[in-house]
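Input: a single structure, listed below in C-alpha cells.
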Protein chains: 2
Amino acid sequence: MKKHILALSGGVGGAKLAAGLASVLAPEDLTLVVNTGDDFEHLGLTICPDIDSVTYALAGLNDTERGWGVKDETWQAMAMLRALGEADWFNLGDRDMGMHIARSWRLRGGDTLSAVTARLTRELGIAHAIVPMSEAPVRTQVGTAEGWLDFQRYFVAEQCRPVATGVRFEGAASAAPSPAFAAALERDDLGAIIVCPSNPYLSVDPILAVGDVREALERRKVSLVAVSPLVGGASLKGPLGKLLGELGKPVSNASIADHYGDLLDHLVIDEADAGDAGDLRARGLSVTVCPTVMWHADDRERLARVALIAAGIETG
Amino acid sequence: MKKHILALSGGVGGAKLAAGLASVLAPEDLTLVVNTGDDFEHLGLTICPDIDSVTYALAGLNDTERGWGVKDETWQAMAMLRALGEADWFNLGDRDMGMHIARSWRLRGGDTLSAVTARLTRELGIAHAIVPMSEAPVRTQVGTAEGWLDFQRYFVAEQCRPVATGVRFEGAASAAPSPAFAAALERDDLGAIIVCPSNPYLSVDPILAVGDVREALERRKVSLVAVSPLVGGASLKGPLGKLLGELGKPVSNASIADHYGDLLDHLVIDEADAGDAGDLRARGLSVTVCPTVMWHADDRERLARVALIAAGIETG
C-alpha cells in the first residue's frame, strides 16, 4: 500500500499539524520536511526556528500559551547578554538556548544539519523523522523600501512593519534537498504530500524553491493536500494577511490556491471560510471544510486525519 | 608616588580580595591579572572560570551562598542540554551561560581575550581593569596515575579525587603576558604586587609560568605581598590541602612561603595560624596575622587594606 506521507512544514501552525500527523502515523510512514529559510546565525549560535517549533511540538515541550518556544521557559541568559551589551532584539529562552548551543556545537564539529537534527530529536524521544529541507543555507529575505531584509530582521526586529514588495530565497536554487527529503520524494510507497498550515510565501515557498523540489513534486502522481493557514479570511498568526495585501492579492483562500497552482489537488479550509468553497471547487479543486484551529492535541490529531482522508490515506 | 598595584588572582578566594582591592583603589591604580590556566572549551563555548569569578565579584553579581557563579542563578539551559544527551559534568547556570555566549561569540569574531574581557566587564559597570594573564591558551594539567588530566576534568569531573603527582601548564612557556599585564610589570609607578589568596600551585603558578613573568617579577624592586589561602592549617575551599599532602609538603604556611620563595617579601596569614608566624619571621619573612576569611564586603575591604599596608601603600 502506498502510504508514506511527506509533509512540508514551517513553524508554529505547521508544527501543530506536524505533531498531529506524528500522533496518527507510525514513524516509518512519515517524513516531516521543515523550512530552514528562517534559520540564522545569532551571537555565534545557529538558530533554526521552524525545526525547533516542530521539535518542541512533537516532544510535547512547546509553550501552548505563548504560542512559540519551550514551555516553563525562563530568560536569564538573555538578561545577562543584555547586561553585557549584546543584541537583544531576538529573545532566546534559557531552555531554548540549550538547544541552540547543542546544535551549534555539533554543526561546528562537522555534522550536517540533518544529522544534528536527527540526533537531538531522538534524544528528546521523538521517533518520527524531522528533516531540514536542505543541508545548505537558504535565507529567506523580504523586499522592502529599505532593501532586502533577512527574514528574522523583518519578522522579529521590524515586527513585519515594512511594506513587503517581494520575497526571495537566497541560495535556494543551488541548494539540494536534504538526503532524507530527496529520498522521500522518490519513495515507491509515497502516498501523499501534505502541506501544513504555514505561510505559503514565507514558510512553504522556501521548501519549494530548493533545487528541483518543485519539479519533483510535479512529477509525483500523488495527492498534494494543503491545509490553509487562513481562518475567517485572516491569518491566525503571523504576517500572511498583511503580506497578501501588500503583494496585491486578496486575503482569501483563492490566493492560497492560486499560489500553489497546479501542485495543489485538495485544500482544507476553515469552517469560518466555508463561503470560499464554491469558488475553489469551480476551479476544479477538491475542498474540505472543517475546523482548522488547533488548540489541543485532539484538534491536531483530528485535522491530521482530515488531511490524510482528503489525500485518500487510511489511518488506524 | 609609586602607588600602582599589580594583583594576581585565581578564582573564588582570590576574586574576593580582588573585589576588596577594587573597593579601596581607584581604577587607574590597580591592574588585576587573572589566571586563565583553568579556561576550557565546552560545548563550543570558551569558559574562563577565574575571569568570571573576578568579574562577578567586582560587579556584585557573585553568589555568596553557593560560593561560585552568579547569584539568582537558574539551570534551565543545562537541563535542556542534558535532555539532548550532551555532557553535563560541568554545570553552567543560565546567567553564566549568557557570559560564555557573549565571550565565545566575540572571540570567534577575532577579538583578543583581553579586548573581550575589557568590553564585557565595562558593560557590567566595572571600572577596574580585569586582565587575563595571556592572550594565548595556557592549560593547567594535573598529573595522576591515569596520566595528565586537564584542570576542569580533575577539579570538576573527578572532584579532585585522583592523587596528584604534579602540575604543569601547557603552553605557558611560549605564551606572552597579555599587553596590560606586560605594561603593568614595566610601570614606573608600580608600587607593589599583591598575590591574592588563591591556590599557589593551581591558580597563581600558571600566572608565574607565563613567558618571562617570573623573571620580570624578580627584577621589580617592589614588595610582593601574598595573602595565604590557608585558614587554620587547611584550605578554606578547594584542593590545596589535599594537593600539598600528595606532593609531600606539610599543609602549612611554611609550604606557601617555600613555594613563592625569593619572590615573597610579606605573607599575610590567618589569625588561626598565628603559631606559624614565628617560623616564617625566622626565615626573614615579614608577616601580618589577621582574620583572612572574607564573608562580607567589609571583610574584603579590610583585608585589602591590610595587604596594601603590608606593601607600604597608603590608601585613603
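Quick note: the coordinates plus some simple rules give every number you see, no bench work behind them. Computed from a prediction, not measured in an experiment: that's the story for all the values here. A quick note on method: Cβ atoms are made from the backbone with ideal geometry, for glycine too, and the neighbour counts reach across all protein chains shown.
List of remarks:
- Applying 1/(1 + (r/R0)^6) with r as the Cβ-Cβ distance of B:Asp189 and B:Thr64 and R0 = 30 angstrom yields a FRET efficiency of 0.35.
- Within the stretch B:4-310, DSSP assigns beta bridges of which about 35% are antiparallel (rounded to the nearest 5).
- Charge tally for A:Glu170 (other residues, Cβ to Cβ under 11 Å; Lys, Arg +1; Asp, Glu -1): +1.
- Taking the stretch A:144-276 and dividing mean pair separation by its residue count, relative contact order in percent (alpha carbons under 8 Å, at least six apart): 25
- If R0 equals 45 Å, the separation of the Cβ atoms of B:Asp212 and B:Arg305 corresponds to a calculated FRET efficiency of about 0.90.
- Around the amide H of B:His42, modelled in the peptide plane, lie the amide H atoms of B:Ile47, all under 5 Å away and 5 or more residues distant in sequence or on another chain.
- Near A:Pro49: Cβ cut-off under 15 Å, other residues only, Lys/Arg at +1 and Asp/Glu at -1. The net charge is -2.
- Here the 3J(HN,Hα) profile of the stretch A:278-286, calculated from phi with Karplus coefficients 6.51, -1.76 and 1.60 at θ = phi - 60°, is x, 4, 5, 5, 4, 7, x, 8, 7 Hz, Gly and Pro shown as x.
- Computed from backbone phi, the HN-Hα couplings of the stretch B:96-101 come to 4, 4, x, 4, 5, 5 Hz, rounded to whole numbers (Karplus: 6.51 cos²θ - 1.76 cosθ + 1.60, θ = phi - 60°; Gly and Pro given as x).
- Note on the stretch A:1-96: Cα-only Rg and Dmax are 15.6, 58 Å.
- Spherically averaged projected area in nm², based on the convex hull that wraps the Cα atoms of the stretch B:260-316: 4.4
- 10 Å-binned pair-distance histogram of the stretch B:4-310 (Cα, whole percent): 6, 29, 38, 23, 5, 0
- The distance separating the Cα centre of the stretch A:65-111 from that of the stretch B:244-275 comes to 46 Å.
- Sorted peptide list for B:222-234, A:146-158, criterion being average Cβ within 10 angstrom, highest first: B:222-234, A:146-158
- With the convex hull constructed from alpha-carbon coordinates only, the stretch A:159-316 shows a mean projected area of 10.2 nm² over all directions.
- Averaged over the residues of peptide B:83-95, the number of Cβ atoms from other protein chains lying within 10 Å of each residue's Cβ is 5.
- For A:Met133, residues with placed amide H under 5 Å, excluding near neighbours: A:Val34, A:Thr36
- Rounded to 5, the percent of DSSP beta bridges in the stretch A:165-316 classed as antiparallel: 10
- Average beta carbon contacts from partner chains per residue of B:70-79, 10 Å cutoff: 5
- Take the Kirkwood radius over Cα pairs of the protein assembly as shown, plug it into Stokes-Einstein at 10 °C and 1.306 mPa s, and you get 58 µm²/s for translational diffusion.
- Measuring from each Cβ of chain A to the axis that turns chain A onto chain B, the shortest distance belongs to A:Asp94, 2 (residue, then whole Å).
- Distribution of pairwise C-alpha distances over the stretch A:1-56, 10 Å bins, in %: 25, 46, 21, 7, 1
- Helical mean residue ellipticity (222 nm; -39500 (n - 2.57) per DSSP H run of 4+; nearest 500) of chain A: -10500 deg cm²/dmol
- Label spacing, shortest first and in nm, from B:Gly275 to its equivalents in the remaining copies (7 angstrom along Cα→Cβ): 9.5
- Sorted shortest first, the distances from the A:Asp72 label point to those of the same residue in the other copies are 2.2 nm; each point sits 7 Å from Cα along Cα-to-Cβ.
- Counting only aspartates and glutamates at least 8 places from B:Lys249 when in the same chain, those with an alpha carbon closer than 12 Å to its own are B:Asp258.
- Close amide H partners of A:Val195, meaning residues 5 or more places away or on another chain with modelled amide H under 5 Å apart, are A:Leu8, A:Val225, A:Ala226, A:Val227.
- For the stretch A:52-100, the spread of Cα positions along each principal axis, largest first, Å: 35, 20, 15
- For B:Ala254, inter-copy label distances in nm, listed shortest first [label point 7 Å out on the Cα-Cβ vector]: 9.9
- Per-pair calculated FRET efficiency, R0 = 41 Å: A:Arg119 and A:Val163 via Cβ, rounded to 0.05: 0.50
- Phi-based couplings in Hz for the stretch A:42-51 (Karplus 6.51, -1.76, 1.60; Gly and Pro marked x): 9, 6, x, 10, 8, 10, 10, x, 6, 4
- For the listed residue pairs A:Lys71/A:Lys237; A:Lys237/B:Lys71; A:Lys16/B:Lys71, the alpha carbons are over 29 angstrom apart in A:Lys237/B:Lys71; A:Lys16/B:Lys71.
- Cα-based reach from B:Lys2 at 20 Å (exclusive), listing aspartates and glutamates while leaving out same-chain residues under 8 positions away: B:Glu28, B:Asp29, B:Glu186, B:Asp188, B:Asp189, B:Glu218, B:Asp265, B:Glu314
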